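Undergrad: Would you mind keeping the following structure in view while I ask a few things?
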Amino acid sequence: MTHSIPLAALAGAVAATCASAAAQNAPTAQAAPVAAAPAAPRYVGSDGVLRFPFPGPEPTVTCRPLFVCDVSLQPGESILNIGAGDTARWVIAAAQSGPGGNTPHVFIKPTEADLRTNLIVTTTKHVYYVRLVSAGAVVNPRIGFYYPDEEAQAALDRQREAQRQQAEHASDLPLVPPDRLDTAYNVSGERSLFPSKVYNDGLHTYVEYRTLPSDLPVVFGIALDGTNQIVNYRLKDNVFIVDGTPSGVDLVLNAGTGRHGRGERRVYIRHK
């Protein structure tokens, strides 16, 4: 089997030679940065599949004559077309595996020894180029791919989503320093529903729990006549955030809403 030198590696060698010569002529010059090593084939998990980086150098499948070899593709994509240079002496078929058949495969079987050809597979997400060799000695009957660029993008997307959620959470928290929060509240009633903190920042009232109750109460505001009134509120992590600063709020768990078969339970929170 012949081995080709990737252009990127050749360019890296030339760049390193030029950088070395420049360093000798100009001792004060900074060294050129070292390029990252290209991704290499690797075994991912314990399934015995040798996985090649995509995109990357064209992988080779070496298969024994009259034995079936397997090229596993990315779960979730679908095969559109399969093309091979020698379809007379190679038997090639598409297959699926996994829940709902969501992992596509290409099965390959050479009918003779010492054959060489190529394979092109187009899918809904990628185009794969594979070399096919039939031999009786060293074989790699199961190959697949991993996707470093897509994995890096997915990690970046997760980081951005975490930052977005953090910013969204921060936007719901008080915008004033802690020492300027109004914490003058009395709490009474059902102790199993007592919050750990109650405070307001002049715009919202915050009812905070260390751990949320297993049954979540409904939040009502207190009207001027002392009766319950509907208020806009939302739950963010362990904090009920009530729009406005009513004179008080009630946390109410009715008999029909709990899981423990008890009557109405109520917490009375009143501003001092």
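Undergrad: What are the residues whose amide H is under 5 Å from the amide H of N118, where those residues sit 5 or more places off or on another chain and H is modelled from the backbone?
TA: G85, D86, L132
Undergrad: What number do you get for segment 37-171 when its Cα radius of gyration is normalised by 2.2 N^0.38 Å, N = residues?
TA: Ratio of Rg to 2.2 N^0.38 Å for segment 37-171: 1.27.
Undergrad: Length gain on complete extension for the stretch R180 to R270, per 0.36 nm per residue less the alpha carbon to alpha carbon distance? List each step's numbers first, then the result.
TA: Details: separation 90, 0.36 × 90 = 32.40 nm, distance 1.88 nm.
Between R180 and R270, full extension yields an extra 30.5 nm.
Undergrad: Provide the packing ranking of 105-113, 191-199, i.e. peptides ordered by the mean count of other C-beta atoms within 10 Å per residue, highest first. Mind dumping the intermediate values first?
TA: On the way: 105-113: 17.6, 191-199: 15.8.
Answer by packing, highest mean first, reads 105-113, 191-199.
Undergrad: Determine ³J(HN,Hα), in whole Hz, for all residues of segment 110-115 in sequence, where each value follows from phi through the Karplus function 6.51 cos²θ - 1.76 cosθ + 1.60 and θ = phi - 60°; x replaces Gly and Pro.
TA: x, 9, 9, 8, 6, 9
Undergrad: Hey, can you rank 152-158, 208-214, 137-143 by average C-beta count inside 10 Å, highest first?
TA: Order by mean packing, descending: 137-143, 208-214, 152-158.
Undergrad: Can you bin every Cα-Cα distance in segment 91-131 into 5 Å intervals starting at zero and give me the percent of pairs per bin, rounded to whole numbers?
TA: Result, from short to long distances: 6, 16, 26, 23, 15, 9, 4, 0 percent.
Undergrad: Same structure again: What per residue convex hull volume, in Å³, comes out for segment 55-109 when only alpha-carbon positions are used?
TA: 97 Å³
Undergrad: Still on this model: Send over the Kirkwood Rh of segment 178-271, from the inverse of the averaged 1/r over different Cα pairs, rounded to one decimal Å.
TA: Result for segment 178-271, one decimal place: 13.4 Å.
Undergrad: By how many nm would the segment from Q159 to N232 lengthen if fully extended, with 0.36 nm per residue of separation less the alpha-carbon distance?
TA: This chain segment gains 23.2 nm when fully extended.
Undergrad: I would also like to ask the following. Pull up the cross-link candidates among the aspartates and glutamates for K197, meaning alpha carbon to alpha carbon under 13 Å and not fewer than 8 places away within one chain.
TA: Cα-Cα hits under 13 Å: D182, E208.
Every number in this text was worked out from the coordinates using simple rules, so none of it is lab data. Since this is a predicted model, take the numbers as computed values, not measurements. Backbone-built Cβ (ideal geometry, glycine too); neighbour counts: all protein chains shown.
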